[in-house]
Amino acid sequence: MLIKCPHCGTRPVEEFTFNGDASIQRPTSNDPATMDQWFDYVYLRDNPKGRFDEYAHHSSGCRAWLVVTRDTQTHEIFNVVTARDYAKKRVAS
Amino acid sequence: MTGFRLDKGGLIDRKAPLYFTFDGRAFTGFAGDTLASALISNDVHLMGRSFKYHRPRGVISAGSSEPNALVELREGARKEANTRATMIELHDGLVAKSQNHWPSLEFDIGALNSLASAMFVAGFYYKTFMWPKSFWEKIYEPIIRKAAGLGNASKEADPDKYEKAYAHCDLLVVGSGPAGLIAALMAARSGARIILADESSTLGGSLLNENEEIGGMSGHAWAIGVIGELGSKSNVTLMPRTTIFGWYDDNIFGAVERVNDHVLEPSPYEPRQRYWRIMAKRAVMATGAEERPIVFGGNDVPGVMTAGALRTYANRYAAAAGKSVVVFTNNNSGYRTARDMNAHGVHVEVIIDSRKEPNVDAGGVPVIRGGAIVNVRGGKRVSGVELADHRMIPCDAVAMSGGWSPIVNLMCHRGAKPKWDERIAGFVPPDVGDRFVAAGSAAGRMLLSECLADGARAGTLKGKTPAIPKCRDEAFAVTPLWWVKESTGKAFVDYQNDSTAKDLPLAAQEGYRDIELAKRYTTAGMATDQGKLGNVNAIAILAEATGRTMDQVGTTTFRPYYTPVSFGAIAGPFVGHHFQPVRKTPLHDWADELGAVFVETGLWMRSSWFPQAGEDWLASASREVLATRERVGLCDVSTLGKIDVQGKDAAEFLNRLYCNTFSTLDVGKARYGLMLREDGIVFDDGTTSRLAADHFLMTTTTANAARVMSHMEFCHQAHWPELDVQYVSVTEQWAQMAIAGPKARATLQKIVDKVTLDDTGFPYLAAKEISILGGMTARLFRISFSGEHAYELAVPADYGNLVARSIMQAGEEFGITPYGIEALSIMRIEKGHVAGGELNGTTTAGDLGLGKMMSSKKDYIGRMMAAREGLTDKNRQCVVGIRPFDAADKIRAGSHILKKEDAPSMAADQGYISSVAWSPMLNMWLGLALLSNGRERHGEVVKIFDGVRKIHMFGVICDPMQYDRENKKLHA
Amino acid sequence: MPDNFQRVSPLADIAIQGRFGADHGAPGVTLSVRHPVLIATVIARKGKAKALADALKSWRGATVQWAGAEQYFLLDKPFDEVRKKLEGLASCSDQSHGRVIIRIEGPKVRQVLCKGTPVDLHESGFEIGKSALTQMAHVGVHLTRVGRDAFELSVFRGFSESFWEWLTEKAEEFGYQVI
């Protein structure tokens, strides 16, 4: 599989390490009442068939964290953005 | 013709004789021969024994699909089993042996299996080795293991080198027959970057084997012209001897280049094989088609081969497989063999055509229409054939053609299934998009002109497809005949695994109707050749037995590798010394000079102890501890991760990463920090210093350095991109050494410039840039892992050895001693400092006695989860000190702790010992343990159970800090 | 602060000058160690990426190599000067001792490097002056094309000996010289 790093260009998958679902967001509150949100954030993951936003670290390249949107069935990659831009967009929306 | 070598023709070099041995007998062949063609030209057809029945076998094919002629190639460390004689390029001094027989190829006891073949039907293993259960280990398994496998691998280490490489191209062309050559040519002329790969030693594909004409010249001459043009272009890479074995996501192809399999020994500077990953923008599969055998009695007797192989041996290698040939065919291509053999002066007895009304030029050879062979006479060599009408025709070779199967494998490696095409009676490749297209006979085009047109189209990356050269086509027609049911002898579907025609209906009858199940039940298609020749026949027989069409039965799953790939190629250069890179510290030479023994920690080589004459590791480490605690010691700590953290928000960033607070740290000071994972478990620890308001130097444990860096990158980029913070690893920039002991200050004072190292000039936890040795920039930290009055000094790495030697010199008058990580580990256990054994991915800050570090004034990674019930339970295992009740006893790490009256059981388990050391200060073994509710149990006598040695002793729980409990020495 | 101590390269005893490997006439590649060298990591402070890029572009005598998002290796300038010049624009860290730069050049340079990196180094897409962060033989490598057939490979100091062994072994079949 090839991933087009926004900084480095097209690189093979073995240069990347993965860290699961990027669509979930770290809760911001430390209020004990939000504990359920925290449990979900730390432990609960979907395993979708089809389109999936996934954290990928270009660990053998520029070391940027990316969000790769791919089809989990066909491995077709639709989009790659930096985790930074992904996070900013999430805050904006 | 003298013997079986034709006098004229072929692509062999008669002026270059080559000498080789097979089963100890000496033979001669020529440059250009394969082992198979050389043996055939010497009238050797018996090349091996089959797997199950040990039947005599000869070659069936002339290429990589060969199931029978598998030999042990070379001797000694370079011996390679199950090598296809049809793919071995003959070279001087070649040594090969046949395999799977005892005591000899000619007389093999195992052939008795054939007499008992009623037993060896499909599913034999499943049916026979079922019961009694107790027989498995002692009887069945040894029998199966002895019977399994064909050749023997060498037991010596492979002396040759292998390597890996990457390639990139606009167009990869797989196969160099007519379609592949013209595709490569068209693309190359457009200036695109082309790779043309072929598994054969010589490019040209079928044009090397056949008598055809292209553009008014022989096909071979045309190929030479095209290859010459391709070879002259800088945008073309020709890769003969290269098998493209797999197609992967995003058009990445795997390939093995056999760089030096065709010589006796590779040059000392070259690899034997090279494993390629080829990233192709587009690719053309021009892999050709495979001729199928027909399933009839005795279709495995040496001398029976595919019609195409028989004429390839004659046309390309000038080797006649017999003096009197019978052709058995269900399609037109068998006639080509008859005509070519006639032209070579080899007598063709008759063409037996299963079709009633074939319309082909037989070149004067008599044709039996609607005929079929029911049995082949002969054991180790064909002596004749019997027909369905009981006629007996004497001959010494049989050429069979059951039709052609496009070689679709690569295109099916990512899950797409091929489709059945009635017109050619073969499976044709699926449509997988325009980045990978099939061309030529691989796409089911059976005429030469179609192949050329198809190839030219596939190779035209832009613009109009140019005209193709003229050629003469031979009409192609086939009427399937899969299995001659009247066969009297054994009729093989899968030669290598000895699956016969009768096995498939039996599998269906027993319920294994699915092709994937039938394959596994009969083992058809499961041998090293993966059923390249037999699979379509198996599908057809199963289809007939179950009343289904070919498409309904379908194929089994195609997977890489197309042909076997050696483990050497897969491992590449990363074996032995090169298994992983070695990382050396800047003080390596200094430590080496002093006789250090190094230990691998991760990739690092760390000085472990510095033995003097006669010392073992414990004696050495104990002496180093005593010297450090009594005088002064010097230790290389360069491997600790060092990360420069800068920016306006650097302090805020650290506040969020560590459970304790760093924004309050003064410039010029260091603080111990503890990082948690988001689930509340301890992640890493280390000392972080503030060098300026917006500049921190973080240290991590050696083991977690890379993980901490990734974690920081993730937290910053994914969670808090708004922070103005920059960080980079500076681990390698600094040589760092710990100087510890009562004389550390006096030693260091001799080399530092200007600064006075007293408690006002350089107090505990001071961290400052200083200068040493009259002008060298350095960083000095007053921190201690040993519990002694200690410093860590960092200097630019290129100066590391120089500075370490200078410190040794400065400390000489105080009796300075180098110490390694064994001594360091002993001292930290004496002081109760936690390390890897306790920071083990299960412990919380509270478990480690560091709960008070967790700030309640800020958010940080792990804060919320650390607060949950299960992680704050008072009965959790927490760190305690432990020592033997009887000071003479030796406690061991990993031992379990029980209440003193309890017998060992899971239920009674109270915890375990995580770290142990012999303390030269206390003269006994002592350790750290994780014990349930441990902090409340200091003074308790417990039982220590060593489950490995099945022994137990008693121990006493105590405070983790067992030496200098008042920290007097630290602050001295 | 400038100092007058002898810098010792970790490859001092390893990169021995001479001609090695196969002898097919002229060496396929020539290797040399750039030492001593001045290297700083500079990373743009927040919102200063453009200003940093401009400042670097106009700095005479500095060699600037891309090293990741908003991040560069700046060569050939003393660290104190780098820090002063880029104050407020970038966070700077001295790496002069932390990295080892190996120069490799010659007609077979791409054939050697393709045994390690998946990066396509064909001149059509990888021009002179371009850098890439990649991995070769399990070692992180910062690679820069410095000429048509010349590259600089920058690795962590601690891996330099292992990397040198690997690299020279991969060059053996073409014949190489060390200068």
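None of B:GLY680, B:GLY633 is crowded, with 23+ Cβ neighbours inside 10 Å and under 27 Å from B:PRO742 (Cα atoms) except B:GLY633. For segment B:909-927, residues that are farther than 17 Å from B:ALA835 by Cβ and crowded, with 22+ Cβ neighbours inside 10 Å total 2. If you check B:THR287 against the conditions, is it in a loop (DSSP other than H, G, I, E, B), touching a helix residue (DSSP H, G or I) at 6+ places or on another chain (Cβ under 7 Å), among the polar types (S, T, N, Q) and at negative phi? It is true that B:THR287 is in a loop (DSSP other than H, G, I, E, B), touching a helix residue (DSSP H, G or I) at 6+ places or on another chain (Cβ under 7 Å), among the polar types (S, T, N, Q) and at negative phi.
Restricting B:ALA596, B:ALA621 to those that are touching a His at 6+ places or on another chain (Cβ under 9 Å) and hydrophobic (A, V, I, L, M, F, W, C) reduces the list to B:ALA596. Of all residues in segment B:863-876, those satisfying the criterion of being touching a helix residue (DSSP H, G or I) at 6+ places or on another chain (Cβ under 9 Å) and in a helix (DSSP H, G or I) are B:MET864, B:MET865, B:ALA866, B:LEU871, B:THR872. Restricting attention to segment B:516-568, the residues that are in a helix (DSSP H, G or I) and crowded, with 21+ Cβ neighbours inside 10 Å total 15.
Within segment C:155-179, which residues are part of a strand (DSSP E or B), in contact (Cβ under 8 Å) with a residue 60 or more places away in the chain and within 11 Å of chain B (Cβ to nearest Cβ)? C:TYR176 - this is the single residue of segment C:155-179 that is part of a strand (DSSP E or B), in contact (Cβ under 8 Å) with a residue 60 or more places away in the chain and within 11 Å of chain B (Cβ to nearest Cβ).
The single condition from (1) more than 30 Å from B:GLY800 (Cβ to Cβ); (2) within 14 Å of chain B (Cβ to nearest Cβ); (3) assigned to a loop (DSSP other than H, G, I, E, B); (4) not acidic (Asp, Glu) that C:TRP59 fails is (2). Scanning segment B:569-594 for residues being buried (at least 21 other Cβ atoms within 10 Å of the Cβ) and of a type in the set (A, V, I, L, M) gives a total of 3.
Given the condition among the hydrophobic types (A, V, I, L, M, F, W, C) and under 24 Å from B:GLU838 (Cβ atoms), answer yes or no: does some residue in segment B:691-700 qualify? Within segment B:691-700, one or more residues are among the hydrophobic types (A, V, I, L, M, F, W, C) and under 24 Å from B:GLU838 (Cβ atoms). Can you find, within segment B:638-662, the residue that is surrounded by the fewest Cβ atoms within 10 Å (Cβ to Cβ) among those that are part of a loop (DSSP other than H, G, I, E, B) and more than 14 Å from chain C (Cβ to nearest Cβ)? Selected residue: B:THR661.
Residues of segment B:233-270 that are among the β-branched types (Val, Ile, Thr) and more than 19 Å from B:ALA571 (Cβ to Cβ): B:VAL236, B:THR237, B:ILE244, B:ILE252, B:VAL263.
When each of B:PHE579, B:PHE598, B:PHE574 is tested for being without any contact (Cβ under 8 Å) to a residue 40 or more places away in the chain, within 14 Å of chain C (Cβ to nearest Cβ) and under 30 Å from B:LEU922 (Cβ atoms), the lone residue that passes is B:PHE598. When A:ARG26, A:ARG63, A:ARG70 are checked against the criterion of being on the phi > 0 side of the Ramachandran plot and either within 14 Å of chain C (Cβ to nearest Cβ) or surrounded by 15 or more Cβ atoms within 10 Å (Cβ to Cβ) (or both), a single residue qualifies: A:ARG63.
Looking only at segment B:270-284, filter to residues that are closer than 21 Å to B:GLU89 by Cα and either assigned to a loop (DSSP other than H, G, I, E, B) or away from chain C (no Cβ under 14 Å) (or both); which one of those is farthest from the chain's Cα centre (by Cα)? Result: B:GLU270. Any residue at all in segment C:21-43 that is hydroxyl-bearing (Ser, Thr, Tyr) and at pLDDT below 95? Within segment C:21-43, not a single residue is hydroxyl-bearing (Ser, Thr, Tyr) and at pLDDT below 95. The combined condition, being without any contact (Cβ under 8 Å) to a residue 60 or more places away in the chain, away from chain C (no Cβ under 14 Å) and among the hydrophobic types (A, V, I, L, M, F, W, C), is fulfilled by B:ALA619.
Contact map, segment B:506-534: residues that are outside the structural domain of B:ALA81 (by TED's automatic domain parsing) paired with residues that are part of a loop (DSSP other than H, G, I, E, B) and among the aromatic types (Phe, Trp, Tyr), Cβ distance under 6 Å, separation 6+ or inter-chain. Pairs shown: B:ALA518/B:TYR512; B:TYR521/B:TYR512. Looking only at residues of segment B:877-895 that are in contact with a His (Cβ under 9 Å, 6 or more places away or on another chain) and in a strand (DSSP E or B), we find that the one that is surrounded by the fewest Cβ atoms within 10 Å (Cβ to Cβ) is B:GLY881. Does segment B:787-795 contain at least one residue that is in the same structural domain as B:LEU626 (by TED's automatic domain parsing), over 22 Å from B:VAL625 (Cα atoms) and not aliphatic (A, V, I, L, M)? Checked against the condition, which is being in the same structural domain as B:LEU626 (by TED's automatic domain parsing), over 22 Å from B:VAL625 (Cα atoms) and not aliphatic (A, V, I, L, M), segment B:787-795 yields no hits at all. Counting the residues of segment C:121-138 that are within 15 Å of C:LEU167 (Cα to Cα) and more than 10 Å from chain A (Cβ to nearest Cβ) gives 1.
Given the structure, is B:MET865 closer than 30 Å to B:PHE653 by Cβ and within 14 Å of another protein chain (Cβ to nearest Cβ)? Criteria met by B:MET865. Here the condition is being within 30 Å of C:PHE5 (Cβ to Cβ), within 13 Å of chain B (Cβ to nearest Cβ) and touching a Ser or Thr at 6+ places or on another chain (Cβ under 6 Å); of C:ARG83, C:ARG99, it holds for C:ARG99 alone.
Between C:ALA12, C:ALA44, C:ALA51, the distinction of being closer than 18 Å to C:GLN65 by Cα and more than 8 Å from every other protein chain (Cβ to nearest Cβ) belongs to C:ALA51 only. Selection of first residues in segment B:929-953 that are closer than 20 Å to B:LEU848 by Cβ and assigned by TED's automatic domain parsing to the domain that holds B:PRO904 and of second residues that are at pLDDT below 95 and buried (at least 18 other Cβ atoms within 10 Å of the Cβ), restricted to Cβ pairs under 6 Å at least 6 apart or on distinct chains, gives an empty result.
If a residue must be in contact with a helix residue (DSSP H, G or I) (Cβ under 8 Å, 6 or more places away or on another chain), charged (D, E, K, R), more than 17 Å from B:MET87 (Cα to Cα) and part of a loop (DSSP other than H, G, I, E, B), how many such residues does segment B:1-56 contain? Summing the residues that are in contact with a helix residue (DSSP H, G or I) (Cβ under 8 Å, 6 or more places away or on another chain), charged (D, E, K, R), more than 17 Å from B:MET87 (Cα to Cα) and part of a loop (DSSP other than H, G, I, E, B) in segment B:1-56 gives 2.
The values are calculated or read from the model by the stated rules, or taken from the named source; none is laboratory data. Computed from a predicted model, the values in this text were never measured in an experiment. Every residue, glycine among them, receives a Cβ derived from its backbone with ideal geometry; neighbour counts consider all protein chains shown.
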